[in-house]
1. Which residues, taken from region 434-478, are over 24 Å from E346 (Cα atoms), modelled with pLDDT of 90 or more and not in a helix (DSSP H, G or I)?
2. Go through region 324-356 residue by residue and tally those that are in a helix (DSSP H, G or I) and open to solvent by less than 40 Å² (accessible area, probe 1.4 Å).
3. When residues of region 258-277 are filtered for being open to solvent by 50 Å² or more (accessible area, probe 1.4 Å) and among the aliphatic types (A, V, I, L, M), how many remain?
4. Could you check, for region 256-274, whether at least one of its residues is hydroxyl-bearing (S, T, Y), under 30 Å from the mean Cα position of the chain (by Cα) and closer than 21 Å to T223 by Cβ?
5. Looking at this structure, is P309 farther than 16 Å from R258 by Cβ, touching an Asp or Glu at 6+ places or on another chain (Cβ under 7 Å), assigned to a loop (DSSP other than H, G, I, E, B) and open to solvent by 50 Å² or more (accessible area, probe 1.4 Å)?
6. Inspect all residues belonging to region 162-170 and state whether any of them is of a type in the set (A, V, I, L, M, F, W, C), part of a loop (DSSP other than H, G, I, E, B) and either open to solvent by 80 Å² or more (accessible area, probe 1.4 Å) or touching a Cys at 6+ places or on another chain (Cβ under 7 Å) (or both).
7. Applying the selection to region 44-68, what residues are open to solvent by 60 Å² or more (accessible area, probe 1.4 Å), farther than 24 Å from S384 by Cα and in contact (Cβ under 8 Å) with a residue 40 or more places away in the chain?
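The values are calculated or read from the model by the stated rules, or taken from the named source; none is laboratory data. A quick note: this is a predicted structure, and the numbers were derived from the prediction, not measured. Neighbour counts run over all protein chains shown; Cβ positions are idealised from the backbone, glycine included. Just so you know, the surface numbers come from the protein's heavy atoms only, side chains and all, with ligands and any DNA or RNA stripped out. Shrake-Rupley method; radii C 1.70, N 1.55, O 1.52, S 1.80 Å.
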Amino acid sequence: MKAFRAIVFLTFRSALRSHVFQLLLALLLLAVTLIPISVSVGKAEEFIRISLLYSLWAVSIVLALSSLWLGCFVMSRDIDNYQIHMVVSKPVSRVMLWLGKWTGINLIHLALLLISGLTVYGIVTYRYRTAGEESRYAERQSERTRAEAEKEHIRTKILVGRRSYSPRLPDAKAVADAEVGRRAAEAVRKGSPLSDGELQTMREEIIRRVTDAPLEVRPGQPTPQTWVFENVPVRLNDIAMYLRYRPYLGKVSSEDQRQTYLWWEALMPQVNPETGKFALYPRALSPVPEQVFSGAFLEKILPPGTVAPDGTVTVLVSNFDRYGAKHYYQRADGPKLLVPVCSFEENFLRGLLVMTIQLLLLSGLACAFGGFLTMPTAVFMAASYLLFGSFSMVLTDSEFFADSALDHFSQLLARGILLVVIPLQKFDITDLLAGGDLIEFSLIGELFLQYFVLRGAPLFLLGIWLYRRREMGAAVRK
């Protein structure tokens, strides 16, 4: 262990002497302080969201690039400069040398992440405490009330960790089976029966279309659109719950959106004390249809007692657009039921933990490639490996519509690539923090198991094995 600690210390000291640590620290501090000031317009809510979204994203990108570069540089430099010959001649195994350098690189970046994270947290906390400070002593009561309402809005919707519940969706497989059965019977009647392969392809296409298609709500339809949230604890009846939704008008696009009207209702359970059974009765969440701007995320607070004894919450929405345009709701972004679970501090620490796992993974990949390749080649290989994961995520995204056979083949190939590569988009938690959404421990465990253990660790072991077998005398200076 003495040799291991010495290697870690020398790696850290080398970064300090080369001013890599100081340069990165200055760059990170500039990013977390200047980005909110230059992008926001002065409102406290917008300033805090930008700090959590863009500042933390900048920190993540800078540290990720630094981990890749420094890991490849440290491992390949010792070989190219013949410094490793003085180490391996001593009773120090190459495995310990690899692990020591990997640990030293991680200590550098974890220290930078901690400093940057504390800076972002300090900026966010200070801006929240000073929100509405200029209106607190205003003469008009309405201005003071507006300032307090702004702080309450930030506290309940951003500086919190809220667990989300998604509504029950239609059974895409059942819909596909029924439609495939109908088409197969029709083909038999016409005398041209379909093959098993054609039926399977048709079934998969219908499942994809049903799963990805946005939900349509027409104006004046006989019954409101209903969403049912399941497995909601009954004890949450005493906690404020929020409904987040985003309606699109006319088409699922950020263009040509305008003001529209809709009306939300909640089905409130009433239990019969004699039989123990319950019935649901509608309760309007507003006295008249509300005017909202389509295309933006909106929230409504649900009244207490909305959770039924069977753990369900039922909400309804009606379209009252004045010009008869349809409302569309994407299945990916709502509506969702949000329930406060933990404090912002705890949720923020969970976010830093996810970023830590990402740095451990990237530095391990860089050391794995840098241990048996030259510096430029190692950087190229590590970057290419990660870019394959990012591009595959784009191709498999629900918004990427496959029209031709080539598109379908590309999606199939991308899904296969994602089984072995690491998409960095999975580690982006800035949107969760900026929206007050809880970073679940299940998500953290999945990221660690799926990407660090099952995909990263085998590459680490392969890199260590190749590093051990590398002939040091092959590194000849020209």
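1. none
2. So the first thing to find is which residues in region 324-356 are in a helix (DSSP H, G or I), and the list is 344-356.
Checking which are open to solvent by less than 40 Å² (accessible area, probe 1.4 Å) leaves us with 344, 347-348, 350-352, 354-356.
Total meeting the criteria: 9.
3. Residues that pass the stated criteria total 1.
4. Taking region 256-274 first, the residues hydroxyl-bearing (S, T, Y) are 260-261.
The next check asks that each one be under 30 Å from the mean Cα position of the chain (by Cα); those that pass are 260.
Applying the additional criterion that residues be closer than 21 Å to T223 by Cβ yields 260.
Yes, because at least one residue in region 256-274 is hydroxyl-bearing (S, T, Y), under 30 Å from the mean Cα position of the chain (by Cα) and closer than 21 Å to T223 by Cβ.
5. no
6. Filtering region 162-170 down to residues of a type in the set (A, V, I, L, M, F, W, C) leaves 169.
Next, from what is left, pick out any that are part of a loop (DSSP other than H, G, I, E, B): 169.
Restricting the remaining residues to those that are either open to solvent by 80 Å² or more (accessible area, probe 1.4 Å) or touching a Cys at 6+ places or on another chain (Cβ under 7 Å) (or both) gives 169.
Yes, the conditions are met somewhere in region 162-170.
7. Passing the criteria: R49, Y54.
To keep it simple, each residue is scored yes or no on (1) touching a residue at least 40 places away in the same chain (Cβ under 8 Å); (2) hydroxyl-bearing (S, T, Y); (3) open to solvent by 30 Å² or more (accessible area, probe 1.4 Å).
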site	(1), (2), (3)
M202	no, no, yes
E205	no, no, yes
D212	yes, no, yes
L215	yes, no, yes
T226	yes, yes, yes
V234	yes, no, yes
